[in-house]
1. Does residue 257 fit the bill of being in a helix (DSSP H, G or I) and either at pLDDT 85 or above or surrounded by fewer than 22 Cβ atoms within 10 Å (Cβ to Cβ) (or both)?
2. For region 260-277, how many residues meet the condition of being exposed (fewer than 14 other Cβ atoms within 10 Å of the Cβ) and of a type in the set (Gly, Ala, Ser)?
3. Only one of these conditions is not met by residue 69: (1) surrounded by 11 or more Cβ atoms within 10 Å (Cβ to Cβ); (2) over 19 Å from residue 146 (Cβ atoms). Which number is it?
4. Name every residue in region 27-73 that is in a strand (DSSP E or B) and in contact (Cβ under 8 Å) with a residue 40 or more places away in the chain, in order of residue number.
5. Test residue 124 against the criterion of being of a type outside the set (Gly, Ala, Ser) and closer than 22 Å to residue 264 by Cα, and give yes or no.
6. For region 136-222, give me every one of the helices (runs of 4 or more DSSP H) that falls completely inside it and has 1 or more residues that are in contact with a strand residue (DSSP E or B) (Cβ under 9 Å, 6 or more places away or on another chain) and modelled with pLDDT of 90 or more.
7. If I ask for residues that are assigned to a helix (DSSP H, G or I) and in contact with a Ser or Thr (Cβ under 7 Å, 6 or more places away or on another chain), which ones from region 74-106 would you list?
Amino acid sequence: MSESLWLKSAETPNANVGSKQSGSSTVLCTNDHTYQLRQVQSSNSVFILLPSENILEDNQTTTPSLSAISQCTATLELIPSDPAESFTMASQLLKRSLPSYKGTDTDVGLGTNITISRKYKDKNAIFQDAPFSTEEFDKTWNELCAFEVLDRAWVPTPSALALAWKSILSAATVRGVNLEKSFDLKSLVEMVGNDGFPEALIIAVVIRLASDTDYLKDDYVSLDRDKTVQWVGIVCLQKAGESGQASTKGITKSGFLAQWHDLLPEGWRKHASMDLLKTKFSHSDPSKGKIIFGEDIYDPTSLETLPSADTGGKTNRKWHDKFKMGRK
């Protein structure tokens, strides 16, 4: 299987403004890894050799030989990027580059005649300028539940994610859909679509939480319990921090757990534990059981639970692409 290579420009994280150190560097991206490039000098002579044949004096006998065709005065060393650092940088890039989807009041262009500004880009255009591999970019995209509408990419705010998930849970409850088991994705998307949320956002949330995001089996999908429970807790805490409720005065642990439980399928509520949100908050007043919001709300290690963007040579279409094709 062939692999694509990209040379991209990347900002240097520790570059100081006004310093002599360059603020950008070059990275080499493969399908699943990103490498920093470093020029290495050597005091030894390095030659590039080409196999050849040497004709002896009798003009009839040849012997194998080597010919020097070029000399290397410097080489490039490939330094693998740290996965956690790549996630943080990719997350910051997407949040900085994409407009925020804040809820159903946000005009994404559906059902209107508005002209989308050229300054907004789709996912592919953003990826072309992003100094990350395809897999690293896709993982971050999925982790943030980013989505596209009318060739315009968006990143939802924590409040929007909480509202979208609440709509999913409410629709499933009213229609008798058990989210603890496999369910018909098309029906769920149609139900939630009536609440005014873009279908692409609902699909993005399901992709983030699904136990199998590679292939859609008979148009049914199932949510991963552990990922869903933790994600809902993170979104609840991040929403509180977004509003300033948890970042200043703090919120009670019991009050937060009540909100968390209300946004989970009934059978999964017992699995909600503050241990799942370690490093996401700090105690502001242990005597009163209050917690405050922590900036490190996304856990880069959780990316390891996401499937690889590389299909390993399989020709099956990813299930969310298949789902989108079926709706055209």
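1. yes
2. 2
3. (1)
4. Just the residues of region 27-73 that are in a strand (DSSP E or B), to begin with: 27-29, 34-55, 62-73.
If the condition is that a residue be in a strand (DSSP E or B) and in contact (Cβ under 8 Å) with a residue 40 or more places away in the chain, then 27, 28, 29, 34, 35, 36, 37, 38 are the ones that fit.
5. Spelling it out, it is not the case that residue 124 is of a type outside the set (Gly, Ala, Ser) and closer than 22 Å to residue 264 by Cα.
6. Details: elements: 158-174, 185-193, 199-209.
Where helices (runs of 4 or more DSSP H) fall fully within region 136-222 and carry at least 1 residues being in contact with a strand residue (DSSP E or B) (Cβ under 9 Å, 6 or more places away or on another chain) and modelled with pLDDT of 90 or more, they are 158-174, 199-209.
7. Scanning region 74-106 gives 86, 87, 90, 91, 94.
The values are calculated or read from the model by the stated rules, or taken from the named source; none is laboratory data. None of these values were measured; they are calculated from a predicted model. Don't worry about glycine lacking a Cβ; one is built from the backbone with ideal geometry, like all the others, and counts go over all protein chains shown.
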